[in-house]
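The values are calculated or read from the model by the stated rules, or taken from the named source; none is laboratory data. Bear in mind the structure is a predicted one, so any value in this text is a computation, not a measurement. Cβ: placed from backbone, ideal geometry, glycine included. Neighbour counts: every protein chain shown.
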2 protein chains.
Amino acid sequence: MNAPASSLLDQDRFARAAWSRLAEPGDAVAVSLVARIGAVEALRAVREQAHPALERFAPRLGVLDVERDLEVGARFGARVLCPGDPDWPTGLDDLAAPPFCLWVRGPADLASGCRRSAAIVGARSATAYGEMVATDLAAGLAERGFVVVSGAAFGIDAAAHRGVLAVEGTTVAVLAGGVDRPYPAAHATLLGRIVESGLVVSEVAPASAPTKSRFLQRNRLIATMTVGTVVVEAGLRSGSLNTARHAAEHGRVVAAVPGPVTSMMSAGCHQAMRDGYAVLVTDAAEVADALGDLGADSATRPSEPARPGDDLDELTARVHASLPVRRGVPVERLAVAGGLSPAEVAAGLGRLELLGLAERHGEGWRQRRS
Amino acid sequence: MNAPASSLLDQDRFARAAWSRLAEPGDAVAVSLVARIGAVEALRAVREQAHPALERFAPRLGVLDVERDLEVGARFGARVLCPGDPDWPTGLDDLAAPPFCLWVRGPADLASGCRRSAAIVGARSATAYGEMVATDLAAGLAERGFVVVSGAAFGIDAAAHRGVLAVEGTTVAVLAGGVDRPYPAAHATLLGRIVESGLVVSEVAPASAPTKSRFLQRNRLIATMTVGTVVVEAGLRSGSLNTARHAAEHGRVVAAVPGPVTSMMSAGCHQAMRDGYAVLVTDAAEVADALGDLGADSATRPSEPARPGDDLDELTARVHASLPVRRGVPVERLAVAGGLSPAEVAAGLGRLELLGLAERHGEGWRQRRS
């Protein structure tokens, strides 16, 4: 942990890179040690086996080779981002066990991107409906200047990344394994496209394998580096609900997309809404409304065009409702039909005529169609 | 308003039947007059044109024939239900303009039925999805002893009534026109079946036509005679949202069924949930939970069966996650994989072996599948 690397990275950065290999993501022992005495001293303590609790890092110390990790990273254009760096996403600092560093590939600025961002997550075994909604949401958010963060998995994740790329927006893929290691392998091309304009991010050192526990830990990063999380489709045990709960626990906005009650892939979304921690969203405007700047991003309420006669007072509406469409009917009969006096009918007809909603016809009155 | 009828109905009942013909449903003038001086005196005041505001009832006074209305009603087996009657649904008393009476056909007891009831409402132009959900919800609620109230319209209403009839439950159709006048005409058979075991109800006199304003007024009856209202599908301008808002305004539970965000027939449901006055429900158990007796009707949370290893402590879970499925791996390599000391791995393996989740294999350990 000196000579060649120290020319590129200072000691702390080097030690943090070492910790990203030594400790499992979220390891409470490592995190509290580094927080207390710093990454460099913590690494020394492990080397000296200063405490029995540090024994868990001994097996990996034997295979630790930070120089090699940095070389592999550099070969893939990855840089090491540390807390305090200008492009460090400060949302991660809310975590009880924040990452020691992030390995980051791609041209985008992670910190500024995360300031206006949405995580879009969901089931790997998504339906065609879910993938379509995820694509639309992601594209709509990108068009509104949001960075879309997801996990590059099959299903919803990939649909979200692709939706952003389709409109040339910025998207961030947070991986459970090393940034040099496309996972799933079938998404190598997708990840290659993401790296060109956005970012591929991981808290584990290059070449690390994605494991079950790393996927779960990865979810906490997605949940806290973003302003909020949208679950598009999720089974009742979906990992994306884990992301959503992380987001809710850390005070982030959580939104979910409804779907058919007959679809198990929407059951997790519906449960999150029933549990009260997720708000219902149906399009990108509503997500932007929930996550964006107050005012600027307020969603207009969906509505259908007003119909003539929508805002008549009750009496006039009653007259209007009693008017025939074809043959005119005299005031006396309209009075019986509407349960009104002839004078009230006449007054109502006057207002309706002014509004262009009634016209004389023969001996009586009828509706006027625009 | 005396002799022959008074042998069947007392004067107040007779006068209320007259008012159900004289005044449009919800007419504020008539309601306040009857509330202040009683139906009989109010009728006399109209006959005597005691006040200019009463002129609106004069046109219909000329065609009023309560005897004939009662005869027509009787021919269709309709009785006149008045406030204070044992089977009067007291929820209606919450209305600012309650009906003067109800014309009721069918054997069921409206008051006791409404005590455990749900309104199921929705779009006439429902989708196959909506009709299926409405049928399932209605059947499930009927099986749980709920009376299902709806409006006999095409689409969701009819699906709800049919769902109840299919399981031989009790359903109530509230009509905007007279109870002798099946509307829509295509539902004459359906209404005939409802009358056999349930009820067909209206606040307007027999032979009255259903009009636009009567449909809107009818909605307030459905909303307040029931414990709560479930909207299954609704466009953004659906009349069923009018029912739901009536229900919410009167403190009733309002629930809505989600659907695809791509379906305009679910847009009204989603908006009601976003507006915060409707809770999301996905099945009859959840509706019963929202509307039924606390405790007895509590819905169990939907869940998938637990998987082995679900509630392991973090350290043991990490060991479990690093275990291979096929060839056993020695403790030292598991320690590197899990980021743990050999002692921690050994302890985790001990717990996993006890739980039947790990087994020795060759020189090492692997997952044990049940």
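Couple of notes before you dig in:
- Odd one out for A:R36 among (1) modelled with pLDDT of 95 or more; (2) surrounded by 14 or more Cβ atoms within 10 Å (Cβ to Cβ): (2)
- Residue selected from segment B:139-154 under the condition of a type outside the set (G, A, S) and out of contact with any Pro (no Cβ under 7 Å at 6 or more places or on another chain), by the criterion surrounded by the most Cβ atoms within 10 Å (Cβ to Cβ): B:V149
- Verdict on A:S125 being at pLDDT 95 or above, more than 20 Å from A:A248 (Cα to Cα) and not aromatic (F, W, Y): yes
- A single member of A:G295, A:G309, A:G228 is more than 13 Å from every other protein chain (Cβ to nearest Cβ) and either modelled with pLDDT under 95 or surrounded by fewer than 17 Cβ atoms within 10 Å (Cβ to Cβ) (or both), and it is A:G295.
- For segment B:272-292, the set of residues classified as assigned to a helix (DSSP H, G or I) and within 7 Å of chain A (Cβ to nearest Cβ) consists of B:M273, B:R274, listed by residue number.
- Among residues of segment A:263-272, those that are touching a Pro at 6+ places or on another chain (Cβ under 7 Å), closer than 19 Å to A:R252 by Cα and buried (at least 24 other Cβ atoms within 10 Å of the Cβ), counted: 2
- Yes/no for A:V331 being among the hydrophobic types (A, V, I, L, M, F, W, C), closer than 22 Å to B:F57 by Cβ and within 14 Å of another protein chain (Cβ to nearest Cβ): yes
- Scanning segment A:21-33 for residues that are buried (at least 24 other Cβ atoms within 10 Å of the Cβ) and part of a helix (DSSP H, G or I), we see that the one that is farthest from the other protein chains (Cβ to nearest Cβ) is A:L33.
- Scanning segment A:309-328 for residues that are β-branched (V, I, T) and either over 50 Å from the mean Cα position of the chain (by Cα) or not in a helix (DSSP H, G or I) (or both) returns A:V319, A:V325.
- If you go through segment A:204-219 and keep only what is under 24 Å from A:F14 (Cα atoms) and either aliphatic (A, V, I, L, M) or crowded, with 24+ Cβ neighbours inside 10 Å (or both), you end up with A:V204, A:A205, A:P206, A:A207, A:A209, A:R218.
- Subset of segment B:60-78 that is over 21 Å from B:G38 (Cα atoms) and in contact (Cβ under 8 Å) with a residue 24 or more places away in the chain - its residue that is farthest from the other protein chains (Cβ to nearest Cβ): B:G77
- When we screen B:L81, B:L43 for residues that are more than 14 Å from chain A (Cβ to nearest Cβ) and within 28 Å of B:A118 (Cα to Cα), the only hit is B:L81.
- Flag for A:R237 being of a type in the set (D, E, K, R), in the same structural domain as A:G151 (by TED's automatic domain parsing) and closer than 17 Å to B:V279 by Cβ: no
- A:E304 fulfils the conditions (1) in contact (Cβ under 8 Å) with a residue 40 or more places away in the chain; (2) assigned to a loop (DSSP other than H, G, I, E, B); (3) within 10 Å of another protein chain (Cβ to nearest Cβ); (4) not hydroxyl-bearing (S, T, Y) except for a single criterion, (1).
- Listed by position, the helices (runs of 4 or more DSSP H) contained in segment A:136-228 that have at least 1 residues being without any contact (Cβ under 8 Å) to a residue 12 or more places away in the chain and on the phi < 0 side of the Ramachandran plot are A:188-197, A:212-225.
- Put simply, of B:R237, B:R245 the only residue that is of a type outside the set (A, V, I, L, M, F, W, C), surrounded by fewer than 24 Cβ atoms within 10 Å (Cβ to Cβ), out of contact with any Gly (no Cβ under 8 Å at 6 or more places or on another chain) and farther than 23 Å from B:L199 by Cα is B:R245.
- Failed condition for A:L216, given (1) within 13 Å of the chain's Cα centre (by Cα); (2) under 30 Å from A:A96 (Cα atoms); (3) not β-branched (V, I, T): (1)
- Set side by side, the residues B:G113, B:G106, B:G91 differ, and just one is at positive phi, at pLDDT 95 or above and surrounded by 16 or more Cβ atoms within 10 Å (Cβ to Cβ), which is B:G106.
- The residue that is nearest to the chain's Cα centre (by Cα), among those in segment A:123-135 that are assigned to a helix (DSSP H, G or I) and buried (at least 21 other Cβ atoms within 10 Å of the Cβ), is A:A134.
- Take the conditions (1) of a type in the set (A, V, I, L, M, F, W, C); (2) surrounded by fewer than 24 Cβ atoms within 10 Å (Cβ to Cβ); (3) away from chain A (no Cβ under 14 Å); B:V200 misses just one of them, which is (2).
- Scanning segment B:329-353 for residues that are surrounded by fewer than 20 Cβ atoms within 10 Å (Cβ to Cβ) and under 58 Å from the mean Cα position of the chain (by Cα) turns up B:A346, B:A347, B:G350, B:R351, B:E353.
- Residue-level check: of (1) in contact with a Leu (Cβ under 7 Å, 6 or more places away or on another chain); (2) farther than 16 Å from B:H270 by Cα; (3) within 10 Å of another protein chain (Cβ to nearest Cβ), A:S213 misses just (1).
- Subset of segment B:239-271 [more than 14 Å from B:A119 (Cβ to Cβ), in contact (Cβ under 8 Å) with a residue 12 or more places away in the chain, at the interface with chain A (Cβ under 10 Å from one of its Cβ atoms) and hydrophobic (A, V, I, L, M, F, W, C)]: B:M264, B:A267, B:C269
- Members of segment B:329-349 found to be part of a loop (DSSP other than H, G, I, E, B) and not polar (S, T, N, Q), listed by number: B:P330, B:G339, B:L340
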